[in-house]
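Have a look at the structure below before the remarks.
Here, each number is a calculation from the coordinates, and none is a lab measurement. Because the structure is predicted, anything quoted here is derived from the model rather than measured. Reconstructed Cβ throughout: ideal geometry from the backbone, glycine too, with neighbour counts over all protein chains shown.
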């Protein structure tokens, strides 16, 4: 299976059903990124999914072309289904956050009408780093929807009745995540992944 093919089953069954917050823009500006190896390596979650974070390359895959500010995440579940994401880590207000994005989501060999109705979006999550463990908590979309309905937050967004898509630029998104990083309600019903280093 081509790793550039979006694992639609994973995307729909995990992300959409888990009510994460979607964003048209990334959580970071280029100047926010920094060289690190925090995620590098192979990790497993409680469901047996393998999370393999590798630094990306700028051009040919030779050591001098490694981009140590970005990662490619290769996910492989216990049924050997694969998906691939671009991941960036940013530190804001003393906390780490991850930005996930599907770079390529078409399988050229199996294009169909459904393929043209999938638009890649960014999702972002709080990252807690422990010894040989990563805890990733995505913001909960239902919580965000309640804040917007109650006029407790002003952030650029679109709401089609099914999904809220944030349209705020990175600086506005950063203010949002740092304001609510310590809010239990922000993550209470969001997706969580606890990864243990292999």
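Most tightly packed first, judged by the mean number of other beta-carbon atoms within 10 Å of their residues, the peptides 156-163, 136-143, 49-56 read 136-143, 49-56, 156-163.
The packing ranking, built from the mean of other Cβ atoms within 10 Å per residue, places the peptides 91-98, 40-47 in the order 91-98, 40-47, highest first. The Cα atoms of the range 8-197 give a gyration tensor whose axes a ≥ b ≥ c have a/c under 1.5, which makes the shape rounded.
Among 181, 20, the order by Cβ neighbours within 10 angstrom, fewest to most, reads 181, 20.
The fewest-to-most ranking of 74, 100 by surrounding Cβ atoms within 10 Å reads 74, 100.
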